[in-house]
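Report on one structure; see the data block that follows.
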Amino acid sequence: MNNFKLKSLGFYGATIAGVLILFKAVSAYGESNLKAPPVISGSYRITLDEKLPNCNQTDTSILKIQQSGIYVNASLSPEDANSENATSDEKTHPLSGILRNQELNLSGKIDGSALCNIASTENAPFHSAKMQMQLLDKGNFTGQLTVSGVSQNFKFTAIPQKAQEKSQSVKKH
């Protein structure tokens, strides 16, 4: 009977030691190789590098981003629509995509009014769009916007609104 207890204790001790070693190895791997993506949620002021054709308005729009890990939802709206009273269309975040290796690719529908009603008609105010962006330092993005029905691709820069507001307040003082 003594022999049976000694074998059981040895077996359970070895099993527990093996699990602890395995846990330590998996934890070390996770800490060194698995990194969370950068947080990019928020509002960004989009400034186009070139002026929109047949447009007298400013070339800025607001990109609102919501993030869950690498998955991203966003909406693009005109700058003057940037208020706390967001419409239901803005809350739906019609653009979606994935953040990988500091690159964000979004696709979906945008309201033509976000881009000076470019190629918009009463029957088709929304357009399919793709945005490819590269995350730069300080949370800024640079990228390209492709809109269905428009032959031109639009290059842009996106600056987080909080950072832009701080830089403008420093210039005023």
**Request:** Please tell me which of these pairs span more than 19 angstrom C-alpha to C-alpha: Lys51/Lys155; Lys138/Lys162; Lys109/Lys162; Lys130/Lys155?
**Result:** Lys109/Lys162
**Asked** What FRET efficiency would be calculated for the residue pair Ser107, Val26, taking the C-beta separation as r and a Förster radius of 35 Å, to the nearest 0.05?
**Response** 0.45
**Prompt:** Quick one: length gained pulling Ala17 to Asn33 fully straight, 0.36 nm per residue minus the C-alpha distance?
**Reply:** 3.3 nm
**Asked** Under a 1.4 Å probe, what is the accessible area of segment 14-76 per residue, stated in Å²?
**Response** 66 Å²
**Asked** Taking a spot 7 Å from the Cα of Asp137 along the direction of its beta carbon, which residues of segment 97-112 have an amide N less than 16 Å from it?
**Response** none
**Asked** Among Val39, Val26, Val150, what's the order by accessible area (1.4 angstrom probe), most exposed first?
**Response** Val39, Val26, Val150
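The values are calculated or read from the model by the stated rules, or taken from the named source; none is laboratory data. Just so we're clear, the structure is a prediction, and the values are computed from it rather than from any experiment. Ideal geometry is used to build each Cβ from the backbone, glycine not excepted, and the neighbour counts take in all protein chains shown. In case anyone asks, the SASA skips ligands and DNA or RNA and just uses the protein heavy atoms, side chains included. Shrake-Rupley method; radii C 1.70, N 1.55, O 1.52, S 1.80 Å.
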